[in-house]
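Notes follow the structure.
Every read-out reported here was derived from the displayed coordinates using simple, explicitly stated rules and does not represent laboratory data. Every value quoted in this text rests on a predicted model; they were computed, and no experiment measured them. Cβ: placed from backbone, ideal geometry, glycine included. Neighbour counts: every protein chain shown.
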């Protein structure tokens, strides 16, 4: 019996060694392939396309594709060479690409280099590395307009740029890169009529998918956590912990639109947690009020953007993609116009 157990342990150890070695080999191969494509793109870009010989460059690209395909087989077509050129343009420094391709494959990068908005692209590059998305997950996040749903996308460009740089170079993750609006909860399967208890129960039943929508650094702690204040009991709907923000996160679920009273309720929860539950080294707790609808002027007048309280909508049935895009783009435009007006007011004063 002992021999059999020892054999199982030995097999398990050998399996770990083999799997680890295979992963290292795969990473090395991926890195070398990506760096090869960068060198090809950089050489073409420098020697031909940046010499202001556009028409000649197009012709040369076709000839190069034919010659490379003849010598090395399929996969070296004109379209692939253009990907190589784009790669060298987006990552002008090879040192930066070295760091990126240690975590992202060429399949990841092909998707990312097609994003024309540089800030959006940088956001996905950093968050994809941070959360370890697969190629499929990256596609899904882009299709669900994750960037447009994050709080950071509604800030001025300089703020977006600074927050992404802080994450990239200092591993400093801001809350604006984490929290989203709206949240997509279509996977809960809720019909037109449901209660807050139904919503909460559905989230618990689909907790893994809910955390995937929140972000991979969220860890579930409690449901209906009871807290006592002045001999009165209160119940926190959902309590999470965010590892990189090092903060407790309270999620309060509301069926209707946001109301001013929700702020006071959330402040009470946060102050209690700060006083009795916060551990040494943690940051102040954060509150997320999830509502079926938002009253923007209420939120603005309550100055929630200056607090640790976030308000976001949740959507249990996704609208058509075109309508969703229009809604999110309109939201971005309104938010950025507000910042522009605020800056002009400051200059006027």
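Here is how the numbers come out for the structure above:
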{"read-out": "Contour excess over end-to-end distance, with Cα ends at residue 221 and residue 292 and 0.36 nm allotted per residue", "value": "23.2 nm"}
{"read-out": "Gyration tensor verdict on the chain (Cα atoms; rounded if a/c is under 1.5, prolate if a/b is larger than b/c, oblate otherwise)", "value": "oblate"}
{"read-out": "Rounded tilt (10° steps) of 78-90 against the dominant C-alpha axis of the chain", "value": "60"}
{"read-out": "Estimated FRET transfer efficiency when R0 is 45 angstrom, pair residue 283-residue 191 (beta carbons, to 0.05)", "value": "0.70"}
{"read-out": "Anisotropy class of the stretch 179-318 from Cα gyration tensor, a/c 1.5 cut", "value": "rounded"}
{"read-out": "The stretch 141-211 versus the stretch 58-85: alpha-carbon centroid distance in Å", "value": "40"}
{"read-out": "Beta bridges per DSSP with both ends in the chain, % antiparallel, nearest 5", "value": "55"}
{"read-out": "Most to least packed among 14-27, 176-189 [average Cβ atoms within 10 Å]", "value": "176-189, 14-27"}
{"read-out": "Inter-site label distance for residue 39 and residue 246 at 7 Å from Cα along Cβ, in nm", "value": "4.2"}
{"read-out": "Three-way shape label, the stretch 21-97, alpha-carbon gyration tensor, a/c 1.5", "value": "oblate"}
{"read-out": "Relative contact order %, the stretch 127-216, counting alpha carbon pairs below 8 Å whose residues are six or more apart", "value": "27"}
{"read-out": "Ranked 108, 80, 329, criterion: other C-beta atoms within 10 Å, fewest first", "value": "329, 80, 108"}
{"read-out": "On Cα atoms only, tilt of 261-276 relative to the major axis of the chain in degrees", "value": "80"}
{"read-out": "Nearest-ten-degree value, helix 196-205 long axis tilted from longest Cα axis of the chain", "value": "40"}
{"read-out": "Cα→Cβ-extended label distance, 7 Å offset, between residue 166 and residue 231, nm", "value": "4.5"}
